[in-house]
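Report on the following structure.
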Amino acid sequence: MRYLHTMVRVSDLSASLDFYCAKLGLKEVRRVDNEKGRFTLVFLCAPEDLKLAEANQAPLVELTFNWDPEDYGGGRNFGHLAYRVEDIYAICQRLMDGGVTINRPPRDGHMAFVRSPDGISIELLQAGPPKAPAEPWASMPNTGSW
């Protein structure tokens, strides 16, 4: 397992970049603008992690800016922790066997979400290319929020 990023929703991307980059000193590694989803993702890292982050896309802070205004009360501005895993199906099975609800099953063989006992959302991402769709995951519905 490898730590990837922590996602934080921001309401003002310019002000957030001023804080995280100009003031705190983080470096922008990459940016994704998604017109269909109406959001921008900006991935940042600590200066000493720049080469590592460029090579491995980790360790990063992901700023998520939703283009449509949204109230982030109740801690909704913190999104999730993300980890790259060697076998997404095996770890989801281990978690499920341990009584953990798979909130967003890995139907695509690539991504799943679970929650910690405190409700923190955890994203699991398959290392390398997605695994072929397989049951029970392919037909398993989402449960709760993720």
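The values are calculated or read from the model by the stated rules, or taken from the named source; none is laboratory data. If you're wondering where the values come from, they're calculated on a predicted model, not measured in any experiment. Glycine gets a Cβ as well: all are built from the backbone with ideal geometry, and neighbour counts include every protein chain shown.
Residues that are among the basic types (Lys, Arg) and in a loop (DSSP other than H, G, I, E, B) within the range 98-129 comprise just one, ARG107.
Exactly one residue out of GLY98, GLY109 is among the small types (Gly, Ala, Ser) and surrounded by fewer than 16 Cβ atoms within 10 Å (Cβ to Cβ): that is GLY98. Quick one: would you say ALA132 is free of Cβ contacts under 8 Å to residues at least 24 places away in the same chain and in a loop (DSSP other than H, G, I, E, B)? Criteria met by ALA132. What are the residue pairs meeting all of these: first residue in the range 68-96, first residue more than 28 Å from ALA138 (Cα to Cα), second residue surrounded by fewer than 16 Cβ atoms within 10 Å (Cβ to Cβ), Cβ atoms under 7 Å, and 6 or more apart or on different chains? Short answer, once both residue conditions are applied: ASP68/ARG38; TYR72/SER11.
Scanning the range 69-97 for residues that are part of a loop (DSSP other than H, G, I, E, B) and at pLDDT 95 or above yields a count of 1. Does at least one position in the range 35-50 carry a residue that is among the charged types (D, E, K, R), touching a residue at least 24 places away in the same chain (Cβ under 8 Å) and on the phi > 0 side of the Ramachandran plot? Looking for residues that are among the charged types (D, E, K, R), touching a residue at least 24 places away in the same chain (Cβ under 8 Å) and on the phi > 0 side of the Ramachandran plot, one finds at least one in the range 35-50, hence yes. Which residues, counting only those in the range 1-34, are in contact (Cβ under 8 Å) with a residue 40 or more places away in the chain and of a type in the set (Gly, Ala, Ser)? Matches in the range 1-34: SER11, SER16.
Selection of strands (runs of 3 or more DSSP E) fully inside the range 1-51 by the criterion of at least 2 residues being buried (at least 16 other Cβ atoms within 10 Å of the Cβ) and of a type in the set (A, V, I, L, M) returns 2-10, 39-45.
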